[in-house]
Amino acid sequence: MNIAKQIKTLLQEAELYRSQGLLDEALVKYHHAEDLIRRHEQLKNRLNLIDAVSKKIRRLKDEIQRIENAPKKPEVSTKIQDLIKKLFTFTPNLNEDARALEGAVALAKFGQFKRAILEFKALLKRDSLRVAAAKNIIRCHMALSSVDDAVAEYEQWLSDNIFLPNQQQRLWIFFENVLNKEGIDKILPQAKMFPHDVKDQTYEDDRLKIEEVKIEDEEDLDINSIGITFERGSLKEQIFEFKVRFQLGKVLSLLISGREKDLIENFKVGTTINDVQYYSNIAFFNGSGLITAVKKIKIGPLRGDYCVDIEAAIS
């Protein structure tokens, strides 16, 4: 592609992003186009192009400033929600079910909880996704501080008998741990009594206790929070604990406040954090974590905060 066509494409992409409300992405495209124009003196009407793009950048910055100072809205338009799914569902070689799950998780990570709940509910019909979808529905309700709605949803699942007994056990254990972590005193019903002959497990008063933990598949392990010891920078050797907001297989999503500039600086895509403690509902494990994504949230109730994705590697 020649330079003129490349600049034209960048400007078209910038306009598309701007029209959909993704202003920071649009700003990056405009800056890229401006840089190309400045570096190629042979371009026709180069000075006029620089002036035109510079004006667009200034207007866009003003628009971003106005939005950042405006009250936050919990939900954005359906069109922008669809764009979030498209832009942040990028894992290659996924089948249709896995892409649907990743798209719903993307909405949840960006604070679009009500839309995400609807999409997770649709995924309850798919055998391979049923448990993962149910867990994420619970996470969304908890993020909305809708504990009663989460409990009602869970009870409805038991009433409809859509889960196998072992799946019911996994959901009960998961939900119990979520509530305990939040310090919420709720008694959850159990559709099935836990068996007393399951290998490596004993039960007392219907509460699960683990005598011996064997991890056969890390992707089945629910991680509730992680502790990170930073190895460099101003926070070197300090330990920070983060709640895991969402989990998709081995990838854990954290929410970092936009005010925590020092923390955010320690999360760089492609960096491996070697000292990580993973806290699950059964035990805690040491390991490392690869930072796979760091995205600033530009819209919705979490605007200004950062979503950090870490791929867990448990030793």
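Any read-out appearing in this document is the output of simple, stated calculations on the displayed coordinates, not a laboratory observation. Keep in mind it's a predicted model, so treat the numbers as computed, not measured. Using ideal geometry, Cβ is built from the backbone for each residue, glycine included, and neighbour counts are taken over all protein chains shown.
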query: R0 = 45 Å: FRET efficiency of PHE240 with LYS5, Cβ-based, nearest 0.05?
result: 0.45
- request: Express in nm, to one decimal, how much length is gained between ALA122 and GLU96 on full extension, taking 0.36 nm for each residue of separation and deducting their alpha carbon distance.
  value: 8.0 nm
- request: Multiply the residue gap between ASP24 and SER54 by 0.36 nm, knock off their C-alpha separation, and tell me the result in nm, one decimal place.
  value: 9.3 nm
- line: Plugging the Cβ-Cβ distance of GLU15 and VAL269 into 1/(1 + (r/R0)^6) at R0 = 25 Å yields, to the nearest 0.05, a FRET efficiency of 0.40
message: Using the basic label-point model (7 angstrom from Cα toward the beta carbon), what is the THR78 to ASN286 distance in nanometres?
response: 5.2 nm
Area projected by the alpha carbon convex hull of the range 3-69, averaged over all directions, nm²: 4.0 nm²
statement: Distance in nm between GLU63 and LYS114 label points, each 7 Å along Cα→Cβ, equals 2.5 nm
query: Based on the alpha-carbon gyration tensor of the range 219-314, what equivalent-ellipsoid semi-axes (square roots of 5 times the eigenvalues) come out, in whole Å, largest first?
result: 20, 17, 11
